[in-house]
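Enquirer: If you scroll down you'll find the structure; I have some questions about it.
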Amino acid sequence: MNHPSLTSPLSTLGAGVLLALAGCRSNPASAEAVLPVPLDAHSHAEPNRVRVRHVDLDLTVDFAARVASGRVELDLVRLDPSAPLVLDALALEIQDATGSDGTPRDFTLAPPDELLGSALTIELEPWDDSVVVRYATTPASEAMQWLTPEQTRDGTHPFLFTQGESILTRSWIPLQDSPGVRVTYAARIRVPDGLTAVMSAEQLGLEDGVWRFRMERPIPPYLIALGVGRLEFRALSARCGVWAEPSFVDAAAAELEDTEAMVRSAEKLFGPYRWGRYDMLVLPPAFPYGGMENPRLTFLTPTMFAGDKSLVSLIAHELAHSWSGNLVTNATWRDFWLNEGTTTYFEQRIMEEVYGPARSEMEQQLGYEGLVRSKAEMDPRDTVLFIDLSGRHPDEGSTDVPYEKGALFLRRLEQLFGRERFDEFLTEYFDANAFRSITTPEFEAYLRAHLLASDPARAAGVDVEEWLYEPGLPADAPRPASAELARVDEALRLLGSAATSAELDTDGWVTQQWLHFLEGMPADLTAERMAELDATFAFTASDNDEILAVWLRLAIAHGYAAADERLELFLMTVGRRKFLQPLYTELAKTESGKLRAHQIYAQARPRYHSVSTGTIDDILDWERGDSE
Ligand code: BES
Ligand code: ZN
């Protein structure tokens, strides 16, 4: 097969740029910093002409105005000396721009593109090797979520966090917001007394109300992240720890006690952890994701704290991103599977090391079944790993496909080449591509050269082109099967033949088994049966939010009104999109359900992050401005 769009980025550069690359002397930068960046459909930046390589941020956080203001200084590599600097900016108020000598530079802020925001173009003088932009965020800056004290656990102080992935960093910092453009950064953040600022960087301390940070390894802009709140820290080991609100920090530390063991397992599997510390920040329940792999400081939903460590695969996942994603990064959002598929595979391997194969197999099978369910509803074109996202928002590519199909691809390679050989390959891959952003075709080339070519007979067992560039699941996809979940299937069969649920053998079942049980419920479940199940297993009272979320969806689908109150409370407090989406979708299936959804949403919407409202607005045909 021929992929005309897959030519190496080098060949797309003009000769002038190559000359500039070679002659870039007045502006010393490591060779790494000026490697060509592939074209990114989701950024206005022109990093092959002028490249930002360091970001120096100075911001004051104003909770009353819900605005951060100050300046950013951007260090530049001038590959094309005649070119202006083009940045991404979204919902920002730009005050002015100055050059290296401190004098003003002309700039234009183009009208915003609906998906990408504005191009901010700054004219440069020949001697400029940096610019300073003075700016302020606005309440419409989607990366920032401002929480009232009532939205926190302790209820005493406000909270702010940022979420950069995929293309939101441009709404709180004007920069070249493409994952192919790696930057180091430094920051000074002024926050009100009594609040602590944390970032995806080394925390250098507090001086006169200013928190200072430094990230010395080049990272993609979507990984620049800030959290501000009433926070306390607990060490878990010499290099791991957790930040959380004071009333929760001990419980959080208990749940996360295996973190150091996970880091050790990860290092044993695929090479050294290269970021120094691995800390975690527990966010309020409005956080729209399960976890976000901000370097040195994973951001976590509080919904993963079930009290029994049953949901800690989330930590294995975000930790794994310290290799797949943060060290070797998807160069564009078409290559998102490189981040998430590799991470999902790595996550499963960490879980196997720390908790044994049975736990990992259960989780793999649940992941696989999720993929099969969602794939059935998807446009086949969106089931391609190297997905075409032109004209679309990158988050539309964030489905089970990059995660689960991506992981199955690596699992297939492991099967063919054997674990030892495959682990050796992955370790070398992370090492050879460390601190680089790569495309799917570059991954493919690396795979062919370093794994497939070494053993053509085994390589013949996998059609790499089909896996990467074709829709659907190849016939050779491994099919995870867990004996523990087979036990659950047995119980589900008994349930079908009208046994009362108390007779089922659920002894010693763990969270993953309960999830499989609930996902396997017959479509014709009655409200009476729901009540009977609830009387036996107390699902409505579950404090495991994964179990609760599936149960609440069933309650909507089967008209089990006794869970109504719990549902409303859940929707009013939890902002995690993965939970909200199925619940609102289920509600929207009937007229009365949709009416109820609108009533709840009218109240809950101001508490959700834009990431979540973006999805739920569509589900409910919500017009911005509807009874807000
Ligand atoms: N990097 C993702 C979160 C993300 C994806 C943010 C796309 C923005 C756009 C993170 O690592 C992730 O995958 N989180 C999952 C949990 C994981 C265990 C599957 C989540 O939030 O549910
Ligand atoms: Zn992930």
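Enquirer: For the list (1) charged (D, E, K, R); (2) in contact with a Leu (Cβ under 8 Å, 6 or more places away or on another chain); (3) away from ligand 2 (no atom under 16 Å from the Cβ), I need the number of the one condition that GLU165 fails.
Expert: (3)
Enquirer: Given the criteria among the acidic types (Asp, Glu) and either more than 11 Å from ligand 1 (Cβ to nearest atom) or open to solvent by 60 Å² or more (accessible area, probe 1.4 Å) (or both), does GLU363 qualify? Let's see the steps before the verdict.
Expert: Values: among the acidic types (Asp, Glu): yes; either more than 11 Å from ligand 1 (Cβ to nearest atom) or open to solvent by 60 Å² or more (accessible area, probe 1.4 Å) (or both): no.
No: the conditions fail for GLU363.
Enquirer: Please state which of the following conditions LEU79 fails to meet, knowing it meets all the rest: (1) without any contact (Cβ under 8 Å) to a residue 60 or more places away in the chain; (2) in contact with a Cys (Cβ under 7 Å, 6 or more places away or on another chain).
Expert: For LEU79, the failing item is (1).
Enquirer: Still on this structure, please answer the following. Just one of LEU327, LEU297, LEU314 is more than 12 Å from the chain's Cα centre (by Cα) and under 29 Å from TYR446 (Cα atoms); which is it?
Expert: Numbers: LEU297 fails: under 29 Å from TYR446 (Cα atoms); LEU314 fails: more than 12 Å from the chain's Cα centre (by Cα).
One residue alone meets the criteria, LEU327.
Enquirer: Of the numbered conditions (1) within 30 Å of GLY391 (Cβ to Cβ); (2) surrounded by 24 or more Cβ atoms within 10 Å (Cβ to Cβ), ALA316 fails exactly one; give the number of that condition.
Expert: Single failed check for ALA316: (1).
Enquirer: Just to be sure before I move on: is SER322 assigned to a loop (DSSP other than H, G, I, E, B) and surrounded by fewer than 21 Cβ atoms within 10 Å (Cβ to Cβ) in the structure I sent? Spell out how you get there, then give the answer.
Expert: Details: assigned to a loop (DSSP other than H, G, I, E, B): yes; surrounded by fewer than 21 Cβ atoms within 10 Å (Cβ to Cβ): no.
The answer is no for SER322.
Enquirer: Are any of the residues in segment 29-40 open to solvent by 30 Å² or more (accessible area, probe 1.4 Å), within 20 Å of ALA186 (Cα to Cα) and modelled with pLDDT of 50 or more?
Expert: Yes, the conditions are met somewhere in segment 29-40.
Enquirer: Which residues, counting only those in segment 214-247, are of a type in the set (Phe, Trp, Tyr) and touching a Phe, Trp or Tyr at 6+ places or on another chain (Cβ under 8 Å)?
Expert: Initial filter on segment 214-247 (of a type in the set (Phe, Trp, Tyr)): 222, 233, 243.
Residues satisfying the conditions are PHE233, TRP243.
Enquirer: In segment 380-398, how many are within 16 Å of ligand 2 (Cβ to nearest atom) and either open to solvent by 40 Å² or more (accessible area, probe 1.4 Å) or in the same structural domain as PRO582 (by TED's automatic domain parsing) (or both)?
Expert: Final tally of qualifying residues: 2.
Enquirer: Name the residues in segment 310-325 that are of a type in the set (S, T, N, Q) and more than 9 Å from ligand 1 (Cβ to nearest atom), would you?
Expert: Within segment 310-325, SER310, SER322, SER324 qualify.
Enquirer: Identify all residues within segment 574-628 that are among the hydroxyl-bearing types (Ser, Thr, Tyr) and farther than 27 Å from GLU165 by Cβ; write none if there are none.
Expert: At the first step, the residues of segment 574-628 found to be among the hydroxyl-bearing types (Ser, Thr, Tyr) are 584-585, 590, 592, 601, 608, 610, 612-613, 615, 627.
Hits for segment 574-628 are THR590, SER592, SER627.
Enquirer: So for segment 306-316 (the condition being in a strand (DSSP E or B) and not aromatic (Phe, Trp, Tyr)), does at least one residue qualify?
Expert: To start, the set of residues in segment 306-316 that are in a strand (DSSP E or B) comprises none.
Looking through segment 306-316, none of the residues is in a strand (DSSP E or B) and not aromatic (Phe, Trp, Tyr).
Enquirer: Output yes when any residue across segment 331-339 is near ligand 1 (Cβ under 9 Å from one of its atoms) and among the hydroxyl-bearing types (Ser, Thr, Tyr), and no when none is.
Expert: No, because not a single residue in segment 331-339 is near ligand 1 (Cβ under 9 Å from one of its atoms) and among the hydroxyl-bearing types (Ser, Thr, Tyr).
Enquirer: A follow-up question, please. Listed residues GLU377, GLU369, GLU404; which is within 27 Å of TRP514 (Cβ to Cβ), open to solvent by less than 40 Å² (accessible area, probe 1.4 Å) and of a type in the set (Asp, Glu)? Give the steps one after another, and end with the answer.
Expert: Numbers: GLU377 fails: open to solvent by less than 40 Å² (accessible area, probe 1.4 Å); GLU369 fails: open to solvent by less than 40 Å² (accessible area, probe 1.4 Å).
Result: GLU404 is the single residue among GLU377, GLU369, GLU404 that is within 27 Å of TRP514 (Cβ to Cβ), open to solvent by less than 40 Å² (accessible area, probe 1.4 Å) and of a type in the set (Asp, Glu).
Enquirer: Where in segment 492-572 are there helices (runs of 4 or more DSSP H), lying fully within it, with 1 or more residues that are surrounded by fewer than 18 Cβ atoms within 10 Å (Cβ to Cβ) and of a type in the set (D, E, K, R)?
Expert: Where helices (runs of 4 or more DSSP H) fall fully within segment 492-572 and carry at least 1 residues being surrounded by fewer than 18 Cβ atoms within 10 Å (Cβ to Cβ) and of a type in the set (D, E, K, R), they are 511-519, 527-537.
Enquirer: Something else about it: Considering only residues of segment 332-348 that are away from ligand 2 (no atom under 13 Å from the Cβ) and in a helix (DSSP H, G or I), which is most open to solvent (accessible area, probe 1.4 Å)? Spell out how you get there, then give the answer.
Expert: So the first thing to find is which residues in segment 332-348 are away from ligand 2 (no atom under 13 Å from the Cβ), and the list is 332-335.
Pick out the ones that are also in a helix (DSSP H, G or I) and you get 333-335.
Numbers: TRP333: 7, ARG334: 68, ASP335: 1 Å².
Looking at residues that are away from ligand 2 (no atom under 13 Å from the Cβ) and in a helix (DSSP H, G or I), I get ARG334.
Enquirer: Quick check: is even one residue across segment 278-298 open to solvent by 20 Å² or more (accessible area, probe 1.4 Å), in a helix (DSSP H, G or I), more than 21 Å from ARG230 (Cβ to Cβ) and within 15 Å of ligand 2 (Cβ to nearest atom)?
Expert: No, because not a single residue in segment 278-298 is open to solvent by 20 Å² or more (accessible area, probe 1.4 Å), in a helix (DSSP H, G or I), more than 21 Å from ARG230 (Cβ to Cβ) and within 15 Å of ligand 2 (Cβ to nearest atom).
Enquirer: Restricting segment 175-194 to residues that are touching a Phe, Trp or Tyr at 6+ places or on another chain (Cβ under 9 Å) and open to solvent by 10 Å² or more (accessible area, probe 1.4 Å), which is nearest to ligand 2 (Cβ to nearest atom)?
Expert: In this case the residue turns out to be ARG182.
Enquirer: How about segment 436-484: which of its residues are in contact with a strand residue (DSSP E or B) (Cβ under 7 Å, 6 or more places away or on another chain) and crowded, with 18+ Cβ neighbours inside 10 Å?
Expert: To start, the set of residues in segment 436-484 that are in contact with a strand residue (DSSP E or B) (Cβ under 7 Å, 6 or more places away or on another chain) comprises 436-438.
If the condition is that a residue be in contact with a strand residue (DSSP E or B) (Cβ under 7 Å, 6 or more places away or on another chain) and crowded, with 18+ Cβ neighbours inside 10 Å, then SER437, ILE438 are the ones that fit.
Enquirer: In addition: Restricting segment 151-169 to residues that are of a type outside the set (A, V, I, L, M, F, W, C) and open to solvent by less than 10 Å² (accessible area, probe 1.4 Å), which is nearest to ARG392 (Cα to Cα)? It would help to see each step written out before you state the result.
Expert: To start, the set of residues in segment 151-169 that are of a type outside the set (A, V, I, L, M, F, W, C) comprises 151-158, 162-166, 169.
Subset that is open to solvent by less than 10 Å² (accessible area, probe 1.4 Å): 162-164, 166, 169.
Details: THR162: 23, GLN163: 19, GLY164: 18, SER166: 12, THR169: 18 Å.
Filtering first and then ranking leaves SER166.
Enquirer: From GLY194, GLY209, GLY229, GLY241, which residue is modelled with pLDDT under 95 and either among the small types (Gly, Ala, Ser) or more than 16 Å from ligand 1 (Cβ to nearest atom) (or both)? Spell out how you get there, then give the answer.
Expert: Numbers: GLY194 fails: modelled with pLDDT under 95; GLY229 fails: modelled with pLDDT under 95; GLY241 fails: modelled with pLDDT under 95.
So the residue among GLY194, GLY209, GLY229, GLY241 that is modelled with pLDDT under 95 and either among the small types (Gly, Ala, Ser) or more than 16 Å from ligand 1 (Cβ to nearest atom) (or both) is GLY209.
Enquirer: Among the residues that make up segment 556-567, is at least one of them touching a residue at least 24 places away in the same chain (Cβ under 8 Å) and on the phi > 0 side of the Ramachandran plot?
Expert: Looking for residues that are touching a residue at least 24 places away in the same chain (Cβ under 8 Å) and on the phi > 0 side of the Ramachandran plot, one finds at least one in segment 556-567, hence yes.
Enquirer: Shifting gears a bit: With the checklist (1) open to solvent by less than 20 Å² (accessible area, probe 1.4 Å); (2) away from ligand 2 (no atom under 16 Å from the Cβ); (3) in contact with a Leu (Cβ under 7 Å, 6 or more places away or on another chain) in hand, flag the one item TRP172 doesn't pass.
Expert: With respect to (1) open to solvent by less than 20 Å² (accessible area, probe 1.4 Å); (2) away from ligand 2 (no atom under 16 Å from the Cβ); (3) in contact with a Leu (Cβ under 7 Å, 6 or more places away or on another chain), TRP172 is out only on (3).
The values are calculated or read from the model by the stated rules, or taken from the named source; none is laboratory data. Keep in mind the model is a prediction, meaning the values are calculated, not measured. Positions of Cβ are generated from backbone atoms using ideal geometry, with glycine treated the same way; all protein chains shown enter the neighbour counts. Calculation scope for accessible area: heavy atoms of the full protein, side chains included, ligands and nucleic acids excluded. Shrake-Rupley method; radii C 1.70, N 1.55, O 1.52, S 1.80 Å.
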